[in-house]
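*Asks:* Here it is, the structure, as structure tokens.
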Amino acid sequence: MLITDLRSDTVTKPTPAMLAYMFEAEVGDDVYEEDPTVNALEQMAAEMFGMQAGLFCPSGTMTNQIAIKAHTEPLTEVICDVSSHIYQYEGGGIMFNAAASVALVHGERGKLTPEQVEAHIRPLHNIHYPVTKLVSLENTANKGGGAYYTLTEIAAISAICRQHELALHLDGARVFNALVAAQEQPRAYGQYFDSISVCLSKGLGAPVGSVLLGSKAFIMKCKRIRKAMGGGMRQAGYLAAAGIYALRHHVERLQDDHRRAKTLEEALLQANYTDYVLPVQTNIVIFKLNHRFTGQAFVEALAKHQIRATAFGPQLVRFVTHLQVTDEHLAHTLKVLNELNT
Ligand SMILES: *Cc1c(COP(=O)(O)O)cnc(C)c1O
């Protein structure tokens, strides 16, 4: 039976070729820094993004949390969008791990402007306020329906951060979707960010893992924090191999995911049960239903046709295209979306 899983790009499973590559990995004890495959992945990712060093971690939540902990201290503050993953979906980790405060910006589709960043920086010599330390961007913005920043936008925010001596972090869970859509190269990112978290297990299709990138000194500090969080892994090269394979083979194909997401958007714009669709820029489609369906009822109607989706709010639904959504899945979904018109 054809099951179409549009819930998230986290549901991908390794392809046979990726699995074969993983089995062949040379491994060692990575806590002793002796796993050649982990070392190779960290170096490869760092070079791609024009950074000095990398750190392989079990999840994107861990790379974000380690970076936030390393950039801040108690009584300081992180500026981020109110819908950002680091604030909404990391279990309150900023408070738990870093004991830092957050300044929440109401951005446009999860994206901040340089003006908004500047407006949220606290006056330095007033003890009523926490000390602003860090700005965190999300590219692409998940809750923003996969909206992306261009390099020009990033450069402008980075300039504000430099001027105010703030660190700039990137939650790049889907940074390759952003780069492919904007037709930009990752290397330029290194000059604008102090740390970058790159997820290998979303659209890139690796089973596990994220890489945190930064300067050598920063990554040394992060390695200590990773150990204290219990994230030091041993023969992790089998997992890192999947990451290397994904970086080599699964980046360009993201444009196929974007094309399929765009086709879903067109069908939803034609439907009589949608109120609006957030204009699709990458692989995420977020839409609002009108009175004909609640989010939950719509997800259940799709489930009857073996299509899985996420209710993203009372009237909101999210589709995500990924490595294992083929043109056959797409055709089936388009047919069902059409049949749901009454
Ligand atoms: C998925 C995701 C993460 C990291 O999630 P993990 O499941 O911990 O790997 C971070 N940021 C964004 C925007 C995400 O979508």
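*Asks:* Of all the residues that make up region 54-84, how many are closer than 24 Å to Arg187 by Cα, part of a helix (DSSP H, G or I) and either more than 9 Å from the ligand (Cβ to nearest atom) or touching an Asp or Glu at 6+ places or on another chain (Cβ under 7 Å) (or both)?
*Replies:* Summing the residues that are closer than 24 Å to Arg187 by Cα, part of a helix (DSSP H, G or I) and either more than 9 Å from the ligand (Cβ to nearest atom) or touching an Asp or Glu at 6+ places or on another chain (Cβ under 7 Å) (or both) in region 54-84 gives 8.
*Asks:* Considering only region 334-341, I want to know if a residue exists there that is farther than 15 Å from Leu268 by Cα and in contact with a strand residue (DSSP E or B) (Cβ under 7 Å, 6 or more places away or on another chain).
*Replies:* Filtering region 334-341 for residues farther than 15 Å from Leu268 by Cα gives none.
Scanning region 334-341 turns up no residue that is farther than 15 Å from Leu268 by Cα and in contact with a strand residue (DSSP E or B) (Cβ under 7 Å, 6 or more places away or on another chain).
*Asks:* When only residues in region 65-91 that are polar (S, T, N, Q) and more than 16 Å from the chain's Cα centre (by Cα) count, which is surrounded by the fewest Cβ atoms within 10 Å (Cβ to Cβ)?
*Replies:* Initial filter on region 65-91 (polar (S, T, N, Q)): 65, 72, 76, 83-84, 88.
If we keep only those that are more than 16 Å from the chain's Cα centre (by Cα) as well, we get 72, 76.
On the way: Thr72: 24, Thr76: 17.
Looking at residues that are polar (S, T, N, Q) and more than 16 Å from the chain's Cα centre (by Cα), I get Thr76.
*Asks:* So, one more: Determine whether Phe49 is touching a Pro at 6+ places or on another chain (Cβ under 8 Å) and of a type in the set (Phe, Trp, Tyr). Walk me through it before giving the result.
*Replies:* Values: touching a Pro at 6+ places or on another chain (Cβ under 8 Å): yes; of a type in the set (Phe, Trp, Tyr): yes.
Considered against the rule, which asks whether it is touching a Pro at 6+ places or on another chain (Cβ under 8 Å) and of a type in the set (Phe, Trp, Tyr), Phe49 comes out as yes.
*Asks:* Might you check whether a residue that is among the aromatic types (Phe, Trp, Tyr) and either surrounded by fewer than 14 Cβ atoms within 10 Å (Cβ to Cβ) or under 22 Å from Asp171 (Cβ atoms) (or both) occurs anywhere in region 1-22? Step through it out loud before you land on a result.
*Replies:* Going residue by residue through region 1-22, those that are among the aromatic types (Phe, Trp, Tyr) are 21.
With the extra rule that they be either surrounded by fewer than 14 Cβ atoms within 10 Å (Cβ to Cβ) or under 22 Å from Asp171 (Cβ atoms) (or both), the set shrinks to none.
No, region 1-22 contains no residue that is among the aromatic types (Phe, Trp, Tyr) and either surrounded by fewer than 14 Cβ atoms within 10 Å (Cβ to Cβ) or under 22 Å from Asp171 (Cβ atoms) (or both).
*Asks:* Just to check your reading of the model, which residue among Leu166, Leu112, Leu151 is modelled with pLDDT of 95 or more and either within 16 Å of the ligand (Cβ to nearest atom) or in contact with a His (Cβ under 6 Å, 6 or more places away or on another chain) (or both)? It would help to see each step written out before you state the result.
*Replies:* Numbers: Leu166 fails: either within 16 Å of the ligand (Cβ to nearest atom) or in contact with a His (Cβ under 6 Å, 6 or more places away or on another chain) (or both); Leu151 fails: either within 16 Å of the ligand (Cβ to nearest atom) or in contact with a His (Cβ under 6 Å, 6 or more places away or on another chain) (or both).
Only one candidate passes the filter, namely Leu112.
*Asks:* Shifting gears a bit: Give all pairs with beta carbons closer than 6 Å in which a residue from region 43-69 that is at positive phi meets a residue that is more than 15 Å from the ligand (Cβ to nearest atom) and in a helix (DSSP H, G or I); count only pairs at least 6 apart in sequence or on separate chains.
*Replies:* Sorted first by the residue in region 43-69, then by its partner, the pairs are Gly50/Arg187; Gly50/Gly190.
*Asks:* In region 92-118, what residues are under 18 Å from the mean Cα position of the chain (by Cα), outside any strand (DSSP E or B), of a type outside the set (A, V, I, L, M) and more than 23 Å from Val211 (Cβ to Cβ)?
*Replies:* Our first condition is that a residue be under 18 Å from the mean Cα position of the chain (by Cα); within region 92-118, this holds for 92-94, 107-112.
If we keep only those that are outside any strand (DSSP E or B) too, we end up with 92-94, 107, 109-110, 112.
Those left that are additionally of a type outside the set (A, V, I, L, M): 92-93, 107, 109-110.
Passing the criteria: Gly92, Gly107, Arg109.
*Asks:* Does region 116-150 hold any residues that are in contact with a strand residue (DSSP E or B) (Cβ under 7 Å, 6 or more places away or on another chain), β-branched (Val, Ile, Thr) and over 22 Å from Ala98 (Cα atoms), and which are they?
*Replies:* Thr140
*Asks:* For the list (1) touching a helix residue (DSSP H, G or I) at 6+ places or on another chain (Cβ under 7 Å); (2) assigned to a helix (DSSP H, G or I); (3) buried (at least 24 other Cβ atoms within 10 Å of the Cβ), I need the number of the one condition that Met51 fails.
*Replies:* Every condition holds for Met51 apart from (2).
*Asks:* Looking for something more than 23 Å from Tyr148 (Cα to Cα) and without any contact (Cβ under 8 Å) to a residue 12 or more places away in the chain - is there at least one such residue anywhere in region 305-313?
*Replies:* No.
*Asks:* Does Phe287 satisfy the criteria of being crowded, with 17+ Cβ neighbours inside 10 Å, of a type outside the set (D, E, K, R) and not in a helix (DSSP H, G or I)? Before the answer, list the steps.
*Replies:* Details: crowded, with 17+ Cβ neighbours inside 10 Å: yes; of a type outside the set (D, E, K, R): yes; not in a helix (DSSP H, G or I): yes.
The answer is yes for Phe287.
The values are calculated or read from the model by the stated rules, or taken from the named source; none is laboratory data. Model, not experiment: these values are computed from the prediction. Because the Cβ atoms are built from the backbone with ideal geometry, glycine has one as well, and the counts that use them run over all protein chains shown.
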